[in-house]
Amino acid sequence: MQGSDTRSLEELIELKRDGGRHERDEIVRLVSAFVSGEMPDYQMAAWLMAALLNGLDGDETVWLTDAMARSGRMIDLSSVPGVKVDKHSTGGVGDKTTLVLGPLVASCGVPIAKMSGRALGHTGGTLDKLESIPGFRVEIEPDAFIEQVRTVGMAVIAQSPDIDPADKKMYALRDVTATVPSVPLIVGSIISKKIAGGADAIVLDVKVGSGAFMKSERDARMLARELRRVGEALGRTVVCVMTDMDQPLGHAVGNALEVREAISTLRGDGPKDLTDLCVALGAKMLVLGGRATDEAGAAELLRESIRTGRALDMFRRWVEAQGGDPRIADDPDALPFAARTRTVGAPSSGWVAAYDTEGVGKAAMVMGAGRAKKEDVIDHAAGIVLHAKVGDRIEAGAPLATLHAATDDLLTAGESRFLQAVRLIDGPVPAPALFHEL
Ligand code: URA
């Protein structure tokens, strides 16, 4: 068999197009040639499509992930004592978990060093949520990031351009070439970022449902298995949970609105689904981080940290360390508030049978809460607060949601999109289970 020394980039594309299998050095070469610019976007786009259609086998996926993680600087967190546990969600609507989970887990002694992304399409991004806090900075040099984790116990920053540059370039290309929904490519993208970010152990929240990448339980399970297999093949401990994205998480969708909801959750007044999810994920992180021997004990530590105010205090210190106004922890009204709000009433009496979660995310996006294109500017105050969740009974005209936007025209656009995303029916509907598999 020919090795990559003799195969040109074009021949490597041909090999995958024809259903062949790469050697390790060929995958390394594809990644390094793409990052250095030797392989132009059009060649990588062709290879990505061939990989999506013909797949990568188990070894190829591990090699791709490893090559991507090594494509730039790798963060060394060895100066931070303890097991560094990272958490990643495959993305959803109203998913403000990091804002709650980070301070909650850090307040129990497991350091949180996290790199997060921005919103694109219907899903939100942690960085945009954080930037709705006046003064909050997400662009921090890697050395200052490590120092903050050591002194404060947590830091959340933007992915720096020199960490996993292969993922940055590949993801931008996948986004515009219809090559996002490929299990090996998603696994490579997620696990390589976590490894380059210095994680020893990773808790992955794989979302399932109408607002997630993986719409069916079967696909989500396949993704979860692969994430775990590849992470473990590269020497990391990986724990996956599968959770519901058939409706938004909590009630708030939109940046400052989600920060407000995260603060209420840290105070112990948050929505049940968000609180339960943070406690369940947090319990796994405390066990992995060696702070508890079992998940029941870990969950009790986390709930106590909420009750005693330690979790909220960690949030305050974290916000202050990154230049944000720590008073928002006690006075969430210091966060931006939209110029216009409108309460949308239920069009008929009945039970909320379903949300098209992606549709709710798009309704928030058209009002300014998200980006259709990378260059779009976000209105941090815009978004939606749901007053009814799946399974709730509602009377005609009773408040279904409150919309927040800068103008009445934006509210009108958001209202029509939102109403298309809700389905009311005559008979009772059970509330969906939050956890599909723990
Ligand atoms: N999230 C990522 O970081 N990468 C993907 O490819 C999909 C979801």
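The values are calculated or read from the model by the stated rules, or taken from the named source; none is laboratory data. Owing to the predicted nature of the structure, the values given are computational and were not obtained by experimental measurement. Using ideal geometry, Cβ is built from the backbone for each residue, glycine included, and neighbour counts are taken over all protein chains shown. Surface accessibility is based on the protein's heavy atoms, side chains included, excluding ligands, DNA and RNA. Shrake-Rupley method; radii C 1.70, N 1.55, O 1.52, S 1.80 Å.
Just checking: which of the helices (runs of 4 or more DSSP H) contained wholly in the range 132-205 hold 2 or more residues that are small (Gly, Ala, Ser)?
165-176, 183-196
When you check residue 133 against the structure, is it open to solvent by 10 Å² or more (accessible area, probe 1.4 Å) and either aromatic (Phe, Trp, Tyr) or in contact (Cβ under 8 Å) with a residue 12 or more places away in the chain (or both), yes or no?
Criteria not met by residue 133.
Of all residues in the range 96-128, count the ones that are assigned to a helix (DSSP H, G or I) and either more than 13 Å from the ligand (Cβ to nearest atom) or surrounded by fewer than 24 Cβ atoms within 10 Å (Cβ to Cβ) (or both).
Qualifying residue count for the region: 12.
Please determine, by comparing only the residues of the range 179-209 that are within 17 Å of residue 84 (Cα to Cα), hydrophobic (A, V, I, L, M, F, W, C) and within 10 Å of the ligand (Cβ to nearest atom), which one is surrounded by the most Cβ atoms within 10 Å (Cβ to Cβ).
191
Does residue 93 fit the bill of being open to solvent by 30 Å² or more (accessible area, probe 1.4 Å), within 30 Å of residue 273 (Cα to Cα), in a loop (DSSP other than H, G, I, E, B) and among the hydrophobic types (A, V, I, L, M, F, W, C)?
no
Which of the residues belonging to the range 225-252 are hydrophobic (A, V, I, L, M, F, W, C) and open to solvent by 10 Å² or more (accessible area, probe 1.4 Å)?
233, 234, 239, 240
Can you give me the number of residues within the range 131-178 that are more than 16 Å from the ligand (Cβ to nearest atom) and either out of contact with any helix residue (DSSP H, G or I) (no Cβ under 6 Å at 6 or more places or on another chain) or farther than 30 Å from residue 44 by Cβ (or both)?
Final tally of qualifying residues: 25.
What is the one condition in (1) in contact with a Ser or Thr (Cβ under 9 Å, 6 or more places away or on another chain); (2) within 16 Å of the ligand (Cβ to nearest atom); (3) over 20 Å from residue 298 (Cβ atoms) that residue 61 does not satisfy?
Of the numbered conditions (1) in contact with a Ser or Thr (Cβ under 9 Å, 6 or more places away or on another chain); (2) within 16 Å of the ligand (Cβ to nearest atom); (3) over 20 Å from residue 298 (Cβ atoms), the odd one out for residue 61 is (1).
When the residues of the range 72-83 are narrowed to those that are of a type outside the set (Ser, Thr, Tyr) and open to solvent by 20 Å² or more (accessible area, probe 1.4 Å), which ends up nearest to residue 173 (Cα to Cα)?
My answer is 72.
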